[in-house]
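Below is one structure; the comments refer to it alone.
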Amino acid sequence: MAKGKRVTEEASCLTPRQVEILTLIRDLRKLHGYSPTLQEIADELGISKITVFEHVEALLKKRMLTRRSNKARSLALTSSVQLPDERATLLPVVGRIAAGYPIEAVEMGDAVDLEEIFSSRHSVAVLEVTGDSMIDEHICDGDMVVFEKRSNPRNGETVVALIDKDEATLKKFYREKNRIRLQPANAKYKPIYVKDVEIQGVVIGVMRRC
């Protein structure tokens with residue numbers, strides 16, 4: 001069995017008490033910069049030091065914890081651990097997307113927590129909208145569009161389209177006889193006609209700051 005698969009299976013076998021211990025170790029390391037002792041864990045959770053020792057040994061065997069030999073306060077969570085209070089749907093804000101004339105997409109370093117709001121069987125990310133060419137679809141300047149990363153849109157879907165490999169724009173997608181029409185949702189903008197286009201994603205939601 002591959003190591004990664006084994007770690008995943010072991011992570012699903014944690015007991016509620018083991019989750020409590022892992023969470024406490026994580027939180028106290030963040031707060032103090034070092035790990036709690038077994039006695040401190042026992043005192044925090046209201047259990048015996050022996051019970052803590054047994055759970056810690058089990059977590060070491062499950063590769064959920066590491067410990068340096070002969071060094072106090074060295075318990076640390078391994079990189080494979082994801083605790084229940086760590087949100088799995090923290091979506092990266094990967095740039096800004098033009099909803100007027102195409103502009104170059106710019107990488108950003110931010111994230112939006114959308115747990116339980118959006119779901120997809122595809123990878124999901126967020127772009128901030130600039131411009132007003134999609135205003136009749138209720139997508140305004142400053143809105144954030146959530147898109148799933150797939151390249152096979154249906155006619156009428158709003159897409160993240162990459163033109164000439166470096167200009168990203170937000171438009172409605174229509175495949176016509178000999179071309180593709182990228183249709184704005186604002187009468188003051190004209191459609192963009194292309195023979196081919198790289199579709200980076202399909203919009204599944206819009207967020208707006210009030």
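A few comments on the model shown:
- Residue tally, condition surrounded by 19 or more Cβ atoms within 10 Å (Cβ to Cβ) and under 17 Å from residue 95 (Cβ atoms), over the stretch 134-155: 7
- Residues of the stretch 155-174 satisfying the condition of being modelled with pLDDT of 95 or more and basic (Lys, Arg): 171, 172
- Filter pass, residue 192 being over 29 Å from the mean Cα position of the chain (by Cα), in the same structural domain as residue 98 (by TED's automatic domain parsing), at negative phi and crowded, with 17+ Cβ neighbours inside 10 Å: yes
- Residue selection: residue 74 satisfies the criterion of being exposed (fewer than 15 other Cβ atoms within 10 Å of the Cβ), touching a Ser or Thr at 6+ places or on another chain (Cβ under 9 Å) and at pLDDT 85 or above.
The values are calculated or read from the model by the stated rules, or taken from the named source; none is laboratory data. Note that the structure is a prediction, hence the values are computed from the model and not measured. When we count neighbours, we look across all protein chains shown, and the Cβ atoms used for this are built from the backbone with ideal geometry, even at glycine.
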